[in-house]
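Read the structure below first, then the notes.
Read the figures in this text as sums done on the coordinates, not as results from a lab. Remember, predicted model here, so these are calculated numbers, not experimental data. When we count neighbours, we look across all protein chains shown, and the Cβ atoms used for this are built from the backbone with ideal geometry, even at glycine.
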């Protein structure tokens with residue numbers, strides 16, 4: 001009887017929790033019973049990915065690791081990058097979009113199409129919802145040199161689906177990768193503070209006593225916030241404050257519009273399965289590519305090898321974080337990977353979202369179908385070789401494109417020779 005009761009309580013808890021989770025996919029059902037269309041899209045949230053064909057290691061007669069670029073400028077790829085979404089940043093003094101729970105994920109300040117979304121809109125939404133694991137492009141402890149995050153060895157680990165809303169440290173880590181942001185300014189105060197700032201009560205403690213009193217293991221404590229500031233700066237503010245304590249304005253966080261994504265990099269394996277007698281391709285990981293400010297020569301003691309992520313507003317002007325907020329950037333621009341995602345995990349998400357069909361509005365294929373059927377155009381920029389290098393490291397301009405086509409042709413020749421000799 002106790003076991004039955006325990007199962008019932010568990011199921012009830014999951015059901016209540018599921019009600020707080022937003023539905024997957026854009027719907028044509030609006031508040032007030034309004035149906036924008038002929039039929040209600042009811043089957044979307046129950047779809048799951050179709051598993052890949054099982055392949056034994058002994059059946060892989062030939063294999064090549066290939067990295068390709070899906071460019072937003074190519075017409076065939078527009079289904080992946082459109083329609084654009086927008087965040088209502090009427091003023092660049094701070095964040096407008098600040099979801100505090102999964103129920104607020106589709107806040108009206110995030111302007112999206114009501115029928116279909118771009119791949120970036122889907123990815124960003126489900127990272128926040130905790131359905132996707134984000135993998136950094138390089139180690140958080142040493143960020144200079146080559147970026148080998150495509151190997152998926154630098155994950156931002158999470159404990160549960162709601163970590164973005166429940167864990168301050170996890171939210172900071174994720175936002176540092178997916179958003180354009182800067183530190184809030186820390187200042188001493190002797191006046192009333194607004195609701196978007198937090199206050200540390202000074203009382204009669206010394207700064208060391210106060211820091212020792214914080215719970216370092218609690219991700220929601222002020223320990224995580226204060227730990228990002230030099231001790232000397234905290235000491236100066238603490239000593240000069242006569243009443244109350246000091247505050248830190250909320251970190252400025254700008255979520256990227258989908259128009260900021262210029263390409264996707266795809267890591268895949270091309271292999272020959274002798275059990276099925278087919279030359280097949282399987283995507284392993286995918287990375288959105290955005291524009292960054294040109295990296296500056298690191299000063300002594302600095303490790304970063306890439307510039308700041310740029311935020312392009314609706315007018316197409318690049319903005320970068322500067323002193324006191326965002327300012328227009330006028331320097332050179334680099335296109336870099338933001339982070340990597342494990343594609344098989346992403347498939348469980350994108351199978352519930354659809355791309356546009358020019359011929360029939362009632363028969364849209366899912367994003368998972370699009371990648372499975374390879375209805376996109378891509379250019380090879382790297383293949384596995386003894387030097388572990390990209391094509392542009394030894395070929396330039398048009399020659400790099402010819403080299404990419406040469407790689408494809410060599411693979412076709414291998415398959416052709418397999419059946420003719």
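Sorting the segments 97-107, 366-376 by their mean number of nearby beta carbons within 10 angstrom, highest to lowest, gives 366-376, 97-107. Subtracting the Cα-Cα distance of residue 57 and residue 314 from their residue separation scaled by 0.36 nm leaves 87.6 nm. The peptide list 117-123, 379-385, put in order of mean Cβ contacts within 10 Å with the highest first, becomes 117-123, 379-385. Cβ crowding within 10 Å ranks 365, 321, 76 as 76, 365, 321, fewest other Cβ atoms first. Listing 315, 408 from fewest to most neighbouring C-beta atoms within 10 Å gives 315, 408.
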